[in-house]
Amino acid sequence: MTVRRVMGIETEYGISVPGDPAANPMLLSGQVVHAYASAQGIRAAHASWDYADEAPLRDARGFEMGRGVADASQLTDEDDPSLANVVLTNGSRLYVDHAHPEYSSPEVTSPRAAVAWDRAGELIMRESVRRLSQVPPGVNLYKNNTDGKGASYGTHENYLMPRETPFSEIVRHLIPFFVARQVVTGSGRVGIGQDSRTPGFQISQRSDFFEVEVGLETTLKRPIVNTRDEPHAVADLYRRLHVIIGDANHCDVANLLKLGTTSLVLAMIEDRAIGEDLTVNRPVHTLHRVSHDPTCRETLELRDGTRLTAVQLLWRYHELAEKWLEERYAGELDDDTAEVMWWWGTVLDRLERDPMEAAREVDWVAKLKVLQGYIDRDGLEWSDHRLKAIDIQWSDVRPDKGLFHRLRAAGHFEELVSDDEVLHAVHEPPVDTRAYFRGKCLEKYPDQIAAASWDSVIFDVPGHTSLQRVPMLEPLRGTRATVGPLLDRSADAAALLRELASASG
């Protein structure tokens, strides 16, 4: 195992209506989903979500929370017919989650592919905004994680792991890594504190909203390590690590490193390759302090009393990964792993010399550079509302309004994935996971699919008295190599199901 594993990104988008701060976000989010789905010919009654295997209250620590004590926001397995929810031909899910439109990417097997299908989500949201703008005032969407007034919404990562890996080891080694990771993956934010009451700039959009080290919740008492145990795969073999502490990234390099370095650390945990104790004292407090220090010079304290900066702590993980890769693969790295290791070292070098050197690769540095330009030019204070407006405008999905997109068009960022690759990912699924089967079934048989989920497709075939459910509990089956010819020769869903039944005996 290297950086390659089954992974994906879920992003909730901020939403607003120009001139109407009281607009209903749930209603608006539904309009966003319907605007895109209807343009693709997806009817609301088709290709909805199959909740049969959802278990959001199952905890990786070995118990299940009672529904009676769960917050309503945790009951994500309850179908609400009033909320829009569709599956797209690229294998992704587009739906309304907690009063935000959410794009959940299909399963991919590399950080680079995760970047491509995450950016595809931006284009899907952009198309919704374009269509809704035809009826003023329209809707604005933002790829960010806070409205600056006390609300936060998530960008979650998912990593498939073997069930046999002890969860306690995952917690032990990931908490210090996540405390430090934000200096590479933070998206930057104007304001300190959940409601941005204290003037200033901080590295991460999300860090101030985290209050505990470990827990099941995602919208209250947010934990550094989330324990939701919902594998969407064979439960005896796999767990899905649900990471809720990340920011929404625009920069390809930061996004690649978010997925890639985390996957590498997980691979070392799985291989019992981290012998060093990097436990950070007071991790939640330290998480906030690291985020509040754009100089990257403040030190944090390890359990053994060692003091080092967040960048130096990440160097420790980098050195462990380098040593482990050398021992395991003798320097013969696959392209994805080599790319992640190169960018990891390059970005840490730049952050260590002068964080502003990483403005082409790291979101928060690029944003701070722009904000500092306004401060220097106009003599603004960090409390100035214009800086908060610039912060929000940074993440607007519209190419002519979003500051990031305007700078990207002007060549200010390192790009790892081409526009053509992203356009391809808007409509086509990855070829090397079960997302291929899901997406291609949606493309070929849209009127014969009643619902789908990460681990199933449910067909409604004429002549059958009941729905036909095809389980997909192995994420690396259903690929183009394994089902492509079958799908090519199956003119309709009935033919497909006959062949599947014949093959299974």
Please give the Cα centre distance for the range 370-409 versus the range 116-150, rounded to the nearest Å.
17 Å
When the helices in the chain are scored as -39500 (n - 2.57) per DSSP H run of 4 or longer and the sum is shared across all residues, what 222 nm value do you end up with, to the nearest 500 deg cm²/dmol?
-12500 deg cm²/dmol
Modelling each spin label as a point 7 Å along the Cα-to-Cβ direction, I'd like the Val431/Ser466 distance in nm, to one decimal.
3.7 nm
Of Lys221, Lys258, which has the most accessible area with a 1.4 Å probe, and how do the rest follow in descending order?
Lys221, Lys258
Rounded, prolate or oblate: which fits the range 236-294, taking a ≥ b ≥ c as square roots of the Cα gyration tensor eigenvalues, rounded meaning a/c under 1.5, else prolate when a/b beats b/c?
oblate
Report the trypsin sites (Lys or Arg not before Pro) located in the range 110-200 that are in a DSSP loop and have at most 12 other Cβ atoms inside 10 Å of their Cβ, or state none.
Lys149, Arg197
Need one word for the range 400-458: rounded, prolate or oblate. Basis is the Cα gyration tensor (sqrt eigenvalues a ≥ b ≥ c); a/c below 1.5 gives rounded, then a/b vs b/c decides.
prolate
Cβ-Cβ cut-off under 10 Å around Ala113, Lys and Arg +1, Asp and Glu -1: the net charge is -3
Can you give me the relative contact order of the range 78-211 as a percent, contacts being Cα pairs under 8 Å and 6 or more apart?
13 percent
Nearest-5 percent of antiparallel DSSP beta bridges in the chain?
90 percent
How would Ser383, Ser48, Ser128 line up by accessible area, probe 1.4 Å, largest first?
Ser383, Ser48, Ser128
Two-site label geometry, Glu169 and Leu423: point separation in nm, points 7 Å out along Cα→Cβ
4.6 nm
Derived scalar couplings ³J(HN,Hα) [the range 57-68; Karplus, 6.51 cos²θ - 1.76 cosθ + 1.60; whole Hz; x for Gly, Pro]
9, 7, 9, 5, 7, x, 9, 10, 5, x, 5, x
Let me cross-check Glu301: its accessible surface, 1.4 Å probe, with only protein heavy atoms counted, in Å² to the nearest 10?
70 Å²
Determine which residues of the range 130-154 fall in the zone a paramagnetic label at His412 would reach in this model, i.e. backbone nitrogen under 19 Å from the point 7 Å along Cα→Cβ.
142-145
Would you work out if the range 109-208 is rounded, prolate or oblate? Take a ≥ b ≥ c from the square roots of the eigenvalues of the alpha-carbon gyration tensor; rounded if a/c is under 1.5, else prolate when a/b is larger than b/c, oblate otherwise.
oblate
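The values are calculated or read from the model by the stated rules, or taken from the named source; none is laboratory data. What you are looking at is a predicted structure, and each value in this text was computed from that prediction instead of being measured. Note: ideal-geometry Cβ built from the backbone for every residue, glycine included; neighbour counts use all protein chains shown. Note: areas computed on protein heavy atoms with side chains; ligands, DNA, RNA excluded. Shrake-Rupley method; radii C 1.70, N 1.55, O 1.52, S 1.80 Å.
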